[in-house]
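Participant: What follows is a structure written as structure tokens; I'll ask about it next.
The values are calculated or read from the model by the stated rules, or taken from the named source; none is laboratory data. Keep in mind that what you see is a predicted model, and the values were worked out from it rather than measured. When we count neighbours, we look across all protein chains shown, and the Cβ atoms used for this are built from the backbone with ideal geometry, even at glycine. When the accessible area is computed, the model is the full protein with side chains, heavy atoms only, and any ligands, DNA or RNA have been set aside. Shrake-Rupley method; radii C 1.70, N 1.55, O 1.52, S 1.80 Å.
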Amino acid sequence: MNAIFIGIFVSVFCYAAVSRIKARFRYDDSLDVFGIHGIGGIWGTIATGIFAEKAVNEAGANGLLFGNVQQFLIQILLVLVTVVYAAAMTWILYKFVDALIGMRVEQKQEIIGLDLTQHSESAYTLVE
């Protein structure tokens, strides 16, 4: 039953991230990777700390709903550490790639379309 609640909540959270948060903060995520995998992963980690139950996994630990606040706090800490690590590594890799080859193409190439200028393909463009 807990898995059903986790699934219901994750669908709401991911939908909100893709439809509302992305529009509000105007970040570029054409494949909605953060809204689906980032938010879904964060919720899954936190939900484990809430809904974990030794009756389901004897080798595990109970979660917040079963009286174990410590497990919930561990899961929150895991989310924070992961977010900080991912942000730091993303920034480092961004700076490295930007210094090596650059992160943006010229504006003229964007106007013509990256299919033509970067991939020599004519899909999704009216220019032959």
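Participant: What angle, in degrees between 0 and 90 and rounded to the nearest 10, separates the Cα long axis of helix 2-16 from the longest principal axis of the Cα atoms of the chain?
Facilitator: With rounding to tens, the tilt is 30 degrees.
Participant: Using the Cα centre of segment 39-128 as origin and beta-carbon charges of +1 (Lys, Arg) and -1 (Asp, Glu), tell me which of LEU78, GLN109, ILE92 is placed farthest towards the positive end of the dipole.
Facilitator: LEU78
Participant: Using a cut-off of 24 Å between alpha-carbon atoms, which lysines can reach LYS22, once sequence neighbours fewer than 8 places away in the same chain are excluded?
Facilitator: Cross-link targets: LYS95.
Participant: Moving on to the next point. Cα axis of helix 39-51 to longest principal axis of the chain: angle in degrees, 0 to 90, nearest 10?
Facilitator: Tilt of helix 39-51: around 0 degrees.
Participant: Follow-up question, since we're still on this one. For the chain, what does -39500 (n - 2.57) per DSSP helix run (n ≥ 4), summed and divided by total residues, give at 222 nm, in deg cm²/dmol to the nearest 500?
Facilitator: So the calculated ellipticity at 222 nm is -18500 deg cm²/dmol.
Participant: What is the dipole size for the chain, taken about its Cα centre, with +1 at each Lys and Arg Cβ and -1 at each Asp and Glu Cβ, in debye to the nearest 20?
Facilitator: Approximately 500 debye in magnitude.
Participant: In addition: Give the peptides 44-55, 94-105, 67-78 in descending order of average Cβ contacts within 10 Å, highest first.
Facilitator: Final packing ranking: 44-55, 67-78, 94-105.
Participant: OK, next. Could you please state how large a percent of the accessible area of the chain is carbon and sulfur, counting protein chains only and using a 1.4 Å probe?
Facilitator: 65 percent
Participant: Here's a follow-up. Just to confirm my numbers, what's the Cα centroid distance between segment 75-125 and segment 42-67 in Å?
Facilitator: Segment 75-125 and segment 42-67 have Cα centres separated by 36 Å.
Participant: Determine the per residue accessible area of segment 50-116 with all protein chains present and a 1.4 angstrom probe, expressed in square angstrom.
Facilitator: Here the per-residue accessible area is 79 Å².
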